[in-house]
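Asker: There's a structure below that I have some questions on.
The values are calculated or read from the model by the stated rules, or taken from the named source; none is laboratory data. These figures come from a predicted structure and were not determined experimentally. Note: ideal-geometry Cβ built from the backbone for every residue, glycine included; neighbour counts use all protein chains shown.
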Amino acid sequence: MDADEREIFYYLKSYRNEFISAREISRRAGGKKKFRSEPEWAKPVLTRMVERGILEADTSGHYRIKPMSKKTGKRKWVSPQIQRILRESGKEFADIQTTDDEMDAYYDNL
């Protein structure tokens, strides 16, 4: 992601499931000077982020961060020994929650 995409991503991250208008994103994400010099700066960046699958848009032109899918891919174990130990423990590891750092890494790899 470039600098503009990061600004938008971190701004929208604070509004997890809410759709925000492109004008509001332009106003709040880039700062006053950027908005005064070019009020429509965020629109091409938002379009690019939707095409790459980072954001999703509704029919009225509002945007939000695309929710992460439940399965982000094949999980890898640190080592076969740890995998064996965890399986032999008999505990269930299905309810592990992801942190914001993992979410950032997920969207950086798109």
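Asker: Answer with yes or no whether Met1 is in a loop (DSSP other than H, G, I, E, B) and surrounded by 15 or more Cβ atoms within 10 Å (Cβ to Cβ).
Answerer: Here the answer is yes, as Met1 does meet what is asked.
Asker: Considering only residues of the stretch 10-26 that are polar (S, T, N, Q) and part of a loop (DSSP other than H, G, I, E, B), which is surrounded by the fewest Cβ atoms within 10 Å (Cβ to Cβ)?
Answerer: It comes out as Asn17.
Asker: Another question, if that's okay. Condition test on Ile54, is it touching a helix residue (DSSP H, G or I) at 6+ places or on another chain (Cβ under 8 Å), modelled with pLDDT of 75 or more and β-branched (Val, Ile, Thr)?
Answerer: Criteria met by Ile54.
Asker: Follow-up. Just checking, does the stretch 58-80 include any residue being modelled with pLDDT under 90 and in a helix (DSSP H, G or I)?
Answerer: yes
Asker: Next up: Residues Lys33, Lys91: which one is under 29 Å from Ser21 (Cβ atoms) and modelled with pLDDT under 95?
Answerer: None of the other options fit; the residue is Lys33.
Asker: Output the residues belonging to the stretch 57-68 that are within 11 Å of the chain's Cα centre (by Cα) and either closer than 12 Å to Phe9 by Cα or buried (at least 16 other Cβ atoms within 10 Å of the Cβ) (or both).
Answerer: Arg64, Ile65, Lys66
Asker: List, please: which pairs have Cβ atoms under 7 Å, are six or more places apart or on different chains, and start with a residue in the stretch 69-98 that is surrounded by 10 or more Cβ atoms within 10 Å (Cβ to Cβ) and end with one that is modelled with pLDDT under 70 and not charged (D, E, K, R)?
Answerer: Thr72/Tyr106; Gln83/Trp77; Leu86/Phe93
Asker: A further question on this structure: Taking the stretch 27-54, which residues are exposed (fewer than 11 other Cβ atoms within 10 Å of the Cβ) and over 14 Å from Lys66 (Cβ atoms)?
Answerer: Selection gives Gly31, Lys32, Lys33, Arg36, Ser37, Glu40, Pro44.
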